[in-house]
Amino acid sequence: MREVHHKTQLCVVGGGLAGMSAAIAAARRGTKVVLMQDRPVFGGNASSEVRMWVCGAHGDNNRETGLIEEFALENLYRNPTSNYSIWDSVLYEKVKFEDNITVLLNCTCTELDMDGDRIRQIKGWQMTAETWHTVEADLFADCSGDSILAPLSGAEFRVGREACSEYDESIEPEKADSQTMGLSLLIQARETDGLQTFIPPTWAYVYESDADLPHRGHDLLRTNFWWIELGGDRDSIHDTEEIRDELLKVAFGVWDHMKNRGDHGADNWTLEWMGFLPGKRESRRYVGDYVLNQNDVRAEGRFDDIAAYGGWTMDDHHPAGINYPGEPTIFHPAPSPFGIPYRSMYSRNIANLFCAGRNISTSHAALSATRVMATCATVGQAVGTAAAVAARDGLTPRGVYEQGVHELQQMLMEDDCYLPFTRRTVPKLTAEAKITAEIGNPENLRSGYDRPIGRSLNAWEAPVGTPVTYSFGSLQHVKGIRLVLDSHLNRPDHNMPCNYPRNRPPASVPKTMIKSFIVEIQDEHDRWHTVLREENNYQRLVRHSLGVRGKAIRLIPRSTWGQDTARVFAWDVY
């Protein structure tokens, strides 16, 4: 057996969408990162091992952007058949080939050492390589879902439901308990051009009629079988293996019901895949400097230190899961969007410990809205960006808050993370230039709002081929440009499908996206020169270094992925 020691600035434990986003955000800001992930793939519940589709904020133009949108657009470009192995590879490369990240896959954190109220180092066992990895770091981010660093470090945490009186939460029980939402084992089916039979294992449960599965939708085109759920009335960590065994009996029984016990339109469908790793909704939650609760969510979370947002309903599953004959969940109303404060993203009593994902500092009621993966990814990006600030300035996570979070918020918005109720400050060169275009309202390009909000489009829109120009009045040095393009925030996809019908159209880059454009600079003799030519863009956030001097600069969209009109939400020159 080997032993390897790593010394780094930030150690991230957990490689789901939250942990990935934290690691990448910190690394791109120059922070040295070690990412320890106990599975062979990244993505957590979104990966091929669980296959839960990525959900997030409801409502028009509320889709989460930043890194989670970068991942999704890469997948739409590279993965037209929505193959889960390709999706895994997209997530893998985003982490593996990012400068400043050391990746430890198949590595499970088992112990740690403290130095007062700080974690000094953690230790993990990499089964595939029979290697112990010790990671010494200045800062740690627990993105493991189950908050493994909490019991190891003594960090304060909670499990279960608070009494309604603690935070005056109307949807919570009268007495506190340890019950949680359950675990789900998903199945996927594929439609073929002929009859398909299914012989269930003898140990599968039998559901003779729809009456045996009340309130559980069967539509193969719309359901991902999230309601194959158990374990909220048990220990959602220590009983995971036993819960999985029961879920397998349920899942095979559900498919037997679909195929052999009544007409469910499944004659030509075959079981494509059966999960063996349950997707978990809830276990330990950190206690931070602020505990987000039901009333904060209902009040839209208008915090001064907003660093991420949610917009899922307070979707509270019954702890008994499929064993409960009533509605499996209650969708308690919640606004979209609502803000999530930075103070809920680090431990109250462990000085150098961040948290991101479903384990942030919330009540059970608020968790039911913040736990979905697109929200978790935005929290992860906020934590990674905050860690970069902390590493740069020698601060603790709390120290970033005490120093003031305005810079953190501006950094996040520069990276295309939407923060409701907050305006991005545009660069000085952009703000002071004269902007002109033959068609459309070019002032929207420097409004500081990089998406439609309410009735405000906040975009410049014109036929492809139309230039938009910044004029400086004198020669200016232009270091680079930043563009935010239209990725169709209201597109209906969940990034990956729940099932595979025969005539499913291929995934593709949104037609609204600008594919090709040129940037030209005007020299001191009023001559225009092309300084940037892009022929195959498919990302929403586009940055390019230029390092040129000119009296003016213009952007000319040349084509989109399917529309005659180009739409740009932001164009910064700096």
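The values are calculated or read from the model by the stated rules, or taken from the named source; none is laboratory data. In this text the structure is predicted, and so the values were computed from the model without any measurement. With ideal geometry, Cβ positions are generated from the backbone for all residues, glycine too; neighbour counts draw on all protein chains shown.
Residue check: is E461 acidic (D, E), touching a Gly at 6+ places or on another chain (Cβ under 9 Å) and not in a strand (DSSP E or B)? No.
Scanning the range 506-519 for residues that are part of a loop (DSSP other than H, G, I, E, B) and of a type in the set (K, R) yields one hit, K511. Tallying residues that are touching a Leu at 6+ places or on another chain (Cβ under 7 Å) and assigned to a loop (DSSP other than H, G, I, E, B) within the range 482-505 yields 3.
Give the residue, chosen from F252, F276, that is aromatic (F, W, Y) and buried (at least 17 other Cβ atoms within 10 Å of the Cβ).
None of the others qualify; the one that does is F252.
Checked against (1) in contact (Cβ under 8 Å) with a residue 24 or more places away in the chain; (2) under 25 Å from C376 (Cβ atoms); (3) among the aliphatic types (A, V, I, L, M), L395 passes all but condition (1).
Listed here are the residues, each with its yes/no results for (1) part of a loop (DSSP other than H, G, I, E, B); (2) under 13 Å from S347 (Cβ atoms); (3) not assigned by TED's automatic domain parsing to the domain that holds R285.
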site: M114; (1), (2), (3): no, yes, no
site: W125; (1), (2), (3): no, no, no
site: T128; (1), (2), (3): no, no, no
site: T134; (1), (2), (3): no, no, no
site: A141; (1), (2), (3): no, yes, no
site: S144; (1), (2), (3): yes, no, no
site: L152; (1), (2), (3): no, yes, no
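Say whether the condition of being touching a Lys or Arg at 6+ places or on another chain (Cβ under 9 Å), within 20 Å of R120 (Cα to Cα) and part of a loop (DSSP other than H, G, I, E, B) is met by at least one residue in the range 42-53. No, the conditions are met nowhere in the range 42-53. Looking across the range 520-574, just one residue is of a type in the set (D, E), assigned to a strand (DSSP E or B) and more than 23 Å from E443 (Cα to Cα), and that is E534. Do we have V33 as within 28 Å of C109 (Cα to Cα), in contact (Cβ under 8 Å) with a residue 24 or more places away in the chain and surrounded by fewer than 23 Cβ atoms within 10 Å (Cβ to Cβ) here? Criteria not met by V33. Among the residues of the range 1-11, not a single one is among the hydroxyl-bearing types (S, T, Y), touching a helix residue (DSSP H, G or I) at 6+ places or on another chain (Cβ under 8 Å) and closer than 15 Å to I101 by Cα.
Is it the case, given these coordinates, that D138 is farther than 28 Å from G279 by Cβ, crowded, with 18+ Cβ neighbours inside 10 Å, at pLDDT 95 or above and of a type in the set (D, E)? Yes; evaluated as a whole, the condition is true for this residue. The number of residues in the range 524-572 being farther than 20 Å from C417 by Cβ, under 28 Å from the mean Cα position of the chain (by Cα) and of a type in the set (V, I, T) comes to 1.
Residues are listed down the side, and each one gets a yes or a no for (1) under 30 Å from F338 (Cα atoms); (2) in contact with a His (Cβ under 9 Å, 6 or more places away or on another chain); (3) among the aliphatic types (A, V, I, L, M); (4) buried (at least 22 other Cβ atoms within 10 Å of the Cβ):
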| site | (1), (2), (3), (4) |
| --- | --- |
| A22 | yes, no, yes, yes |
| E49 | no, no, no, no |
| W53 | yes, yes, no, no |
| L67 | yes, no, yes, yes |
| V90 | yes, no, yes, no |
| E98 | no, no, no, no |
| T102 | no, yes, no, no |
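Looking at the range 157-185, which of its residues are outside any strand (DSSP E or B), surrounded by fewer than 24 Cβ atoms within 10 Å (Cβ to Cβ) and under 25 Å from the mean Cα position of the chain (by Cα)? Can you show your working first?
In the first step, residues of the range 157-185 are kept if they are outside any strand (DSSP E or B); the result is 159-160, 162-176, 178-182, 185.
With surrounded by fewer than 24 Cβ atoms within 10 Å (Cβ to Cβ) added as a condition, the list becomes 159-160, 162-176, 178-179.
Within the range 157-185, V159, G160 meet the criteria.
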